[in-house]
1. Within the stretch 25-44, track down each residue that is crowded, with 16+ Cβ neighbours inside 10 Å and part of a helix (DSSP H, G or I).
2. Any residue in the stretch 21-39 that's under 21 Å from Ser118 (Cβ atoms): show its pairings with residues that are surrounded by fewer than 13 Cβ atoms within 10 Å (Cβ to Cβ) at Cβ separation under 7 Å, as long as the two are six or more apart or on different chains.
3. If I ask for residues that are free of Cβ contacts under 8 Å to residues at least 60 places away in the same chain and hydroxyl-bearing (Ser, Thr, Tyr), which ones from the stretch 95-127 would you list?
4. Just give me the residues in the stretch 85-117 being open to solvent by 50 Å² or more (accessible area, probe 1.4 Å) and in a helix (DSSP H, G or I), in sequence order.
5. Just to be sure I understand, how many residues within the stretch 45-54 are surrounded by fewer than 17 Cβ atoms within 10 Å (Cβ to Cβ) and within 28 Å of His104 (Cβ to Cβ)?
6. State all residues of the stretch 142-166 that are out of contact with any helix residue (DSSP H, G or I) (no Cβ under 8 Å at 6 or more places or on another chain) and under 21 Å from Leu108 (Cβ atoms); if no residue qualifies, say none.
7. So, of the residues in the stretch 61-96 that are among the basic types (Lys, Arg) and modelled with pLDDT under 90, which turns out to be farthest from the chain's Cα centre (by Cα)?
8. Does any residue in the stretch 133-150 that is without any contact (Cβ under 8 Å) to a residue 24 or more places away in the chain come within less than 7 Å, Cβ to Cβ, of a residue that is of a type in the set (A, V, I, L, M, F, W, C) six or more places away or on a different chain, and which pairs are these?
Amino acid sequence: MTAAGTNAPSARESELLEAAYTYALGHGLAELSLRPLAAAIGSSPRVLLYLFGSKDGLIRALLARARRDELDLVDRVGRRARGRGGDLASTALELWRWLADDAHRALLTLWAESYVRSLTEPQGPWAGFAEATVRDWLELLAEAQDVGERGSPEGVARRTLVLAVLRGALLDLLATGDVERTTAAVGLALSRAG
């Protein structure tokens with residue numbers, strides 16, 4: 001529910017959420033403080049609290065906004081995967097190209113921060129974020145598998161392995177910025193994952 005008591009956010013709420021999201025991409029969420037955020041986006045802490053209910057409510061809204069970006073990617077790649085059918089490695093390489101693109105570094109850094117916070121603060125505003133993102137990506141990878149393989153224990157294990165490779169390489173890439181090395185490692189792992 002929004003401050004106005006409806007399901008649809010007001011134009012101002014949407015505008016402030018987008019501005020806060022841009023701010024979060026540059027500054028992260030771990031040490032988010034309402035006063036500097038409000039000053040940076042042309043609002044006030046009072047307005048943010050009114051619109052989002054609390055700081056935790058704002059963080060939940062920002063995580064939902066980040067997840068929309070993630071789900072847009074999943075949907076785009078998923079449509080192509082459904083068109084190819086049964087090509088897990090190609091789908092994973094396409095995902096990796098997107099993950100390794102420097103243009104997405106801020107979003108992915110925010111994702112990594114939120115993923116870890118979801119694990120360390122399971123009752124906080126990050127609750128369920130990590131689990132939901134794992135489910136999203138495993139569903140996408142399942143769409144890239146042959147129908148007969150999807151439900152098999154081996155099929156589940158293969159896509160879990162692919163997800164682990166992508167996630168591990170992403171964390172390495174975020175820490176080091178070494179696109180060439182991590183891309184080579186992803187390619188090698190995917191060629192062996194079958």
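The values are calculated or read from the model by the stated rules, or taken from the named source; none is laboratory data. Remember, it's a predicted structure, so these values are computed and weren't measured experimentally. All Cβ positions, even for glycine, are placed from backbone atoms using ideal geometry, and neighbour counts span all protein chains on display. We work out accessible area using only protein heavy atoms, side chains counted, and drop any ligands, DNA or RNA first. Shrake-Rupley method; radii C 1.70, N 1.55, O 1.52, S 1.80 Å.
1. Those that are crowded, with 16+ Cβ neighbours inside 10 Å and part of a helix (DSSP H, G or I): Leu25, His27, Leu34, Leu37, Ala38, Ile41.
2. Between residues of the stretch 21-39 that are under 21 Å from Ser118 (Cβ atoms) and residues that are surrounded by fewer than 13 Cβ atoms within 10 Å (Cβ to Cβ), there is no close pair.
3. Tyr115, Ser118, Thr120
4. Within the stretch 85-117, Leu93, Arg97, Asp102, Ala103, Thr109, Val116 meet the criteria.
5. Adding up the residues that qualify gives 0.
6. The answer is Ala164, and nothing else.
7. It comes out as Arg84.
8. Going by the 7 Å Cβ cut-off, the qualifying pairs are Arg150/Ala142.
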